[in-house]
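Shown next, in structure tokens, is the structure this report addresses.
The values are calculated or read from the model by the stated rules, or taken from the named source; none is laboratory data. Here the structure is a predicted model, which is why all the values come from computation and not from measurement. As a convention, Cβ positions derive from the backbone with ideal geometry for all residues, glycine included, and neighbour counts pool all protein chains shown.
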Amino acid sequence: MIMGEIREETEKTAYDPKIAAFLCNWCSYAGADLAGVGRIQYPPTIRTIRVPCSGRINPLYILKAMANGADGVLVSGCHPGDCHYISGNYVARRKFALIKSLLTHVGLEEDRVSFSWVSAAEGGRFAEVVKGVTERVSALGPNKGIFKVDDGGAADE
Ligand code: FES
């Protein structure tokens, strides 16, 4: 009985969510780099995927990340007006609003997906964003709402 409770508590505290972080090359990725160079601490929960622009993120990438084991997804791009491709981050914001409602529709908690603006000069802000995302996803627990269906690779073609 007591050992079971201890095990349960240990498992609870040992849960570190896996978060796929799609970062724009020009701003947020550089912000993450700056956080690293500045040795600013943040939870080691993100797996970084560098993209040319947040506007290039296909909503399917988010669903595929969740289907392949991510507990949460972070999409981060340049601040409004700073996108290197003029309006990519506005496009991303629109797609993001749609993906949130789609997630709710398929039974996933919308807090599993976050969107942020982080510039190349904001290492501290990047760390705060990761902390916030980690807290929200940790509170939800492991992603059990969407899982990979083995289709023999047909979906990748
Ligand atoms: Fe960074 Fe478009 S180049 S969001």
For Ile86, which of the numbered conditions (1) within 26 Å of Ser138 (Cα to Cα); (2) surrounded by fewer than 15 Cβ atoms within 10 Å (Cβ to Cβ); (3) aliphatic (A, V, I, L, M) fails to hold? (1)
Test set (1) more than 16 Å from the ligand (Cβ to nearest atom); (2) in contact (Cβ under 8 Å) with a residue 24 or more places away in the chain - Glu5 fails condition number: (2)
Can you find a residue that is farther than 23 Å from Ser138 by Cα, exposed (fewer than 13 other Cβ atoms within 10 Å of the Cβ) and away from the ligand (no atom under 16 Å from the Cβ) anywhere in the range 38-45? yes
Kindly establish whether Gly145 is modelled with pLDDT of 90 or more and over 17 Å from Arg50 (Cα atoms). no
Between a first residue in the range 39-54 that is more than 9 Å from Cys24 (Cα to Cα) and of a type in the set (Asp, Glu) and a second residue that is away from the ligand (no atom under 16 Å from the Cβ) and assigned to a loop (DSSP other than H, G, I, E, B), which pairs have beta carbons less than 7 Å apart while being 6 or more apart in sequence or on different chains? none
Give the residues of the range 59-91 that are part of a loop (DSSP other than H, G, I, E, B), more than 9 Å from the ligand (Cβ to nearest atom) and either among the charged types (D, E, K, R) or farther than 17 Å from Arg112 by Cα (or both), sorted by residue number. Asp71, Pro80, Gly81
Out of everything in the range 1-21 that is crowded, with 22+ Cβ neighbours inside 10 Å and either touching a Leu at 6+ places or on another chain (Cβ under 7 Å) or part of a loop (DSSP other than H, G, I, E, B) (or both), what residue ends up being modelled with the lowest pLDDT? Pro17
